[in-house]
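Participant: Please read through the structure below; I'll follow up with questions.
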Amino acid sequence: MRRTIAAILKVGTLAGVGLSALATLLFAVGSPLARPVALAGVLALFATPPLRLAAAARGFWVAGDRRAALASTIVLGALLAVAARAVASSPL
């Protein structure tokens with residue numbers, strides 16, 4: 001479970017930072033792709049914590065620790081509910 005969670009953190013962080021750096025370069029040269037690439041970078045960074053929580057919940061469930069799996073699932077649900085509310089109230 002540790003390896004999976006570490007891999008999710010590594011890939012999510014590297015993808016988000018890499019896309020954000022690319023967006024910065026695209027912005028500097030005036031490319032119209034800068035905004036969508038920046039958005040993809042931000043989404044990669046925002047998606048990392050929920051993916052880690054889902055992996056933890058699954059790992060705890062498989063290991064037989066139902067209480068920790070339930071706690072992880074509750075936190076994941078709360079995180080997703082807050083994110084959905086933020087998106088719904090966003091002026092974009």
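The values are calculated or read from the model by the stated rules, or taken from the named source; none is laboratory data. Remember, predicted model here, so these are calculated numbers, not experimental data. Glycine also receives a Cβ, built like all others from the backbone with ideal geometry; neighbour counts cover every protein chain displayed.
Participant: Within the set of pairs 6 or more residues apart or between chains, which connect a residue that is touching a residue at least 12 places away in the same chain (Cβ under 8 Å) inside region 31-45 to a residue that is outside any helix (DSSP H, G or I) and surrounded by 13 or more Cβ atoms within 10 Å (Cβ to Cβ) with Cβ atoms less than 9 Å apart?
Facilitator: These pairs meet every condition: VAL37/SER31.
Participant: For PRO32, work out the one condition from (1) in a helix (DSSP H, G or I); (2) at pLDDT 95 or above; (3) of a type outside the set (Asp, Glu) it doesn't fulfil.
Facilitator: The failed condition is (1).
Participant: Another one. Restricting to region 79-90, count the residues that are exposed (fewer than 13 other Cβ atoms within 10 Å of the Cβ) and either in contact with an Asp or Glu (Cβ under 8 Å, 6 or more places away or on another chain) or within 20 Å of ILE8 (Cα to Cα) (or both).
Facilitator: Summing the residues that are exposed (fewer than 13 other Cβ atoms within 10 Å of the Cβ) and either in contact with an Asp or Glu (Cβ under 8 Å, 6 or more places away or on another chain) or within 20 Å of ILE8 (Cα to Cα) (or both) in region 79-90 gives 0.
Participant: Just need a number here: residues in region 1-21 that are surrounded by fewer than 15 Cβ atoms within 10 Å (Cβ to Cβ) and in contact with a helix residue (DSSP H, G or I) (Cβ under 6 Å, 6 or more places away or on another chain).
Facilitator: 2
Participant: Run down VAL75, VAL37, VAL62 and say which single residue is surrounded by 15 or more Cβ atoms within 10 Å (Cβ to Cβ), within 23 Å of ARG2 (Cβ to Cβ), among the aliphatic types (A, V, I, L, M) and at pLDDT 95 or above.
Facilitator: It is VAL75.
Participant: Restricting attention to region 22-34, report how many residues are surrounded by fewer than 16 Cβ atoms within 10 Å (Cβ to Cβ) and of a type in the set (A, V, I, L, M).
Facilitator: Residues in region 22-34 being surrounded by fewer than 16 Cβ atoms within 10 Å (Cβ to Cβ) and of a type in the set (A, V, I, L, M): 4 in total.
Participant: If you scan region 50-74, which residues turn out to be β-branched (Val, Ile, Thr) and under 18 Å from ILE8 (Cβ atoms)?
Facilitator: Once the filter is applied, which keeps residues that are β-branched (Val, Ile, Thr) and under 18 Å from ILE8 (Cβ atoms), region 50-74 yields VAL62, THR73.
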